[in-house]
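Trainee: The structure's right below; bear with me while I get my questions together.
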Amino acid sequence: MPEQPDFTQMLRDVGLRVTRPRLAVMDALHRHAHADTDTVIGVVRQGLPEVSHQAIYDTLRALTSTGLVRKIQPLGSVARYETRVADNHHHVVCRTCGSISDVDCTIGAAPCLQASDDHGFHIDEAEVIFWGQCPDCIAASA
Ligand SMILES: [Zn+2]
Ligand SMILES: [Zn+2]
């Protein structure tokens with residue numbers, strides 16, 4: 001298991017009030033990277049059965065807009081969320097089953113932020129999605 005971050009402090013650092021649903025959503029996403037909304041609802045409700053769908057949608061929106069959570073939405077997929085933020089990592093997505101894995105920038109911290117032509121923009125993120133087939137699907141179709 002990855003070590004448990006201090007979600008309380010993280011919420012405070014971005015000026016969000018610390019609530020049990022917010023802590024539960026952070027914890028769910030920490031343990032289930034790239035979870036979709038339904039997965040988050042299922043996991044959160046194991047510990048907090050009374051939390052409404054709407055409260056979880058609102059929580060995901062608040063966490064995403066403050067940068068604590070990153071939202072990714074590969075073409076043809078529902079939105080997925082993760083707590084691994086601000087490192088400009090990328091994703092590889094299986095065309096067959098939709099599974100998602102993290103891919104670090106290949107060289108150093110974030111070389112792909114150096115666009116070949118930045119058009120005068122100050123670039124802070126490069127959203128790269130690698131598409132292909134995952135090992136399970138390759139094995140299944142062999
Ligand atoms: Zn697959
Ligand atoms: Zn990721």
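Trainee: For segment 74-95, name all the residues that are within 13 Å of ligand 1 (Cβ to nearest atom) and among the aliphatic types (A, V, I, L, M).
Mentor: Of everything in segment 74-95, those that are within 13 Å of ligand 1 (Cβ to nearest atom) and among the aliphatic types (A, V, I, L, M) turn out to be Val92, Val93.
For (1) more than 15 Å from the chain's Cα centre (by Cα); (2) at pLDDT 85 or above; (3) hydroxyl-bearing (Ser, Thr, Tyr); (4) not assigned by TED's automatic domain parsing to the domain that holds Val14, each residue gets a yes or a no:
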| position | (1), (2), (3), (4) |
| --- | --- |
| Leu29 | no, yes, no, no |
| Gly47 | yes, yes, no, no |
| Glu50 | yes, yes, no, no |
| Gln54 | yes, yes, no, no |
| Thr96 | yes, yes, yes, yes |
| Gln114 | yes, no, no, yes |
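Trainee: While we're here: With the requirement that a residue be exposed (fewer than 15 other Cβ atoms within 10 Å of the Cβ) and basic (Lys, Arg), what does segment 1-53 give you?
Mentor: Answer for segment 1-53, where residues must be exposed (fewer than 15 other Cβ atoms within 10 Å of the Cβ) and basic (Lys, Arg): Arg12, Arg17, Arg20, Arg31.
The values are calculated or read from the model by the stated rules, or taken from the named source; none is laboratory data. Quick caveat, the model's predicted, so the values are computed rather than measured. Heads up, the Cβs are rebuilt from the backbone with ideal geometry, glycines too, and the neighbour counts pull from every protein chain shown.
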